[in-house]
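Okay, structure first, notes after.
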Amino acid sequence: MEIRNIGVIGAGAMGSGIAHVCALAGYDVSLVDIERARADAALIIITGNMDRQVRRGLITEDEKADGLARIGVVDSFADLSQCDCVIEAASENEAVKKEIFAKLTETLKAEAIICSNTSSIPITRLAAATDRPEKFMGMHFMNPVPVMKLVELIRGLATDPETFNTIRELTLTLQKIPASAEDFPAFIVNRILLPMINEAVYALYEGVGTVESIDTAMKLGANHPMGPLELADFIGLDICYSVMQVLYDGLADTKYRPCPLLAKYVEAGWLGRKSGKGFYDYAGDEPVPTR
């Protein structure tokens, strides 16, 4: 199947990034969010990110103008009816995603492919909430989408080969590198990354080290570009907690139990960079550890 028009559901960091790279690759993009204002704000963010690419010589002014012209903000799922592929990038909540898919399939054309950018939820389970499990699969981009090259591709039990091959070709057209993952909770990257972050939170919880010492140790001792607690703030502590809960529920192994301190931060609304406070406080010019 040839893909020309792509719908993107969710105008947060992931959705806006996906719209960004799809538009630069020559696809017409329809961006929708439950809040129209958020989608309009995403266009401003996309413009700023493309400006940064122009300054760095990664794209030209003409490519930026053409890309922005291909992105349209729409008001409802009905406006996605003629899309060849729709990529869902809503919050990491299974009930929310299933509700979206139920409404989306009421108006989407029969041959359209649906992809989810879920970072942890089993694809087979999400596909069962649609009318086309054979045309449904996972397409997990990394954050920030315009910068990170990897896309995890996950087949559900019913995903047919044509769907997988079409989305793999789309991934390559976006100048991303696909990695095929089996449909197990959290797939590859988060199956390995999030337990490491969770263990870093346990180390903080148990007093093994401070926020600063844990991050410094991993940056200098393991040559990581960001410490695990700094990275958790970047990802969003609510997302970290959700992924760990999916792993814990799906694999029934206590090694995946979310750290109680992580749960406490989420309960407090300390979600990291996006809320202004997490393991670091971002109110000043430089982040300051909160513990």
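The values are calculated or read from the model by the stated rules, or taken from the named source; none is laboratory data. Quantities reported herein were computed from a predicted structural model and do not represent experimental measurements. Glycine also receives a Cβ, built like all others from the backbone with ideal geometry; neighbour counts cover every protein chain displayed.
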Taking the conditions exactly as written (in the same structural domain as G138 (by TED's automatic domain parsing), of a type in the set (A, V, I, L, M) and touching a residue at least 12 places away in the same chain (Cβ under 8 Å)), does I177 satisfy them or not? yes
The stretch 254-291: number of residues that are among the hydrophobic types (A, V, I, L, M, F, W, C) and touching a residue at least 24 places away in the same chain (Cβ under 8 Å): 7
Go through the stretch 185-235 and give me each residue that's in contact (Cβ under 8 Å) with a residue 60 or more places away in the chain and over 24 Å from S119 (Cα atoms). L204, T210, V211, E212
Quick one: how many residues across the stretch 236-289 are among the hydroxyl-bearing types (S, T, Y) and touching a strand residue (DSSP E or B) at 6+ places or on another chain (Cβ under 9 Å)? 3
Hey, among I188, I197, which residue is at pLDDT 95 or above and out of contact with any strand residue (DSSP E or B) (no Cβ under 7 Å at 6 or more places or on another chain)? I197
Would you please name the residue that is modelled with the highest pLDDT, looking only at residues in the stretch 19-44 that are surrounded by fewer than 17 Cβ atoms within 10 Å (Cβ to Cβ) and β-branched (V, I, T)? I44
Starting from the stretch 1-12, take each residue that is in the same structural domain as A78 (by TED's automatic domain parsing) and at negative phi and list its partners that are at pLDDT below 95 and among the basic types (K, R), counting only C-beta distances under 6 angstrom and pairs at least six apart or across chains. A11/R38
If we take the stretch 12-105, then strands (runs of 3 or more DSSP E) inside it with 3 or more residues that are touching a Leu at 6+ places or on another chain (Cβ under 8 Å) and farther than 30 Å from Q245 by Cα are 71-73
Only one of S81, S116 is under 23 Å from T171 (Cα atoms) and buried (at least 21 other Cβ atoms within 10 Å of the Cβ). Can you tell me which? S116
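Which one of T107, T124 is of a type outside the set (D, E, K, R) and within 19 Å of the chain's Cα centre (by Cα)?
T124
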Assess whether C115 counts as being in contact (Cβ under 8 Å) with a residue 60 or more places away in the chain and in contact with a strand residue (DSSP E or B) (Cβ under 9 Å, 6 or more places away or on another chain). no
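Results for (1) touching a Pro at 6+ places or on another chain (Cβ under 8 Å); (2) among the β-branched types (V, I, T); (3) modelled with pLDDT of 95 or more, shown as yes or no for each residue.
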| site | (1), (2), (3) |
| --- | --- |
| I123 | no, yes, yes |
| G156 | yes, no, yes |
| T159 | yes, yes, yes |
| L174 | no, no, yes |
For the stretch 275-288, name all the residues that are crowded, with 17+ Cβ neighbours inside 10 Å and not hydroxyl-bearing (S, T, Y). K277, G278, F279, P287
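Being touching a Lys or Arg at 6+ places or on another chain (Cβ under 8 Å) and either on the phi > 0 side of the Ramachandran plot or surrounded by 22 or more Cβ atoms within 10 Å (Cβ to Cβ) (or both), is that true of even one residue in the stretch 62-78?
no
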Candidates A263, A283 - the one that is more than 19 Å from M196 (Cα to Cα) and either part of a loop (DSSP other than H, G, I, E, B) or assigned by TED's automatic domain parsing to the domain that holds L194 (or both): A283
Would you confirm, using the coordinates I've provided, whether A158 is in contact with an Asp or Glu (Cβ under 9 Å, 6 or more places away or on another chain) and farther than 29 Å from G26 by Cβ? yes
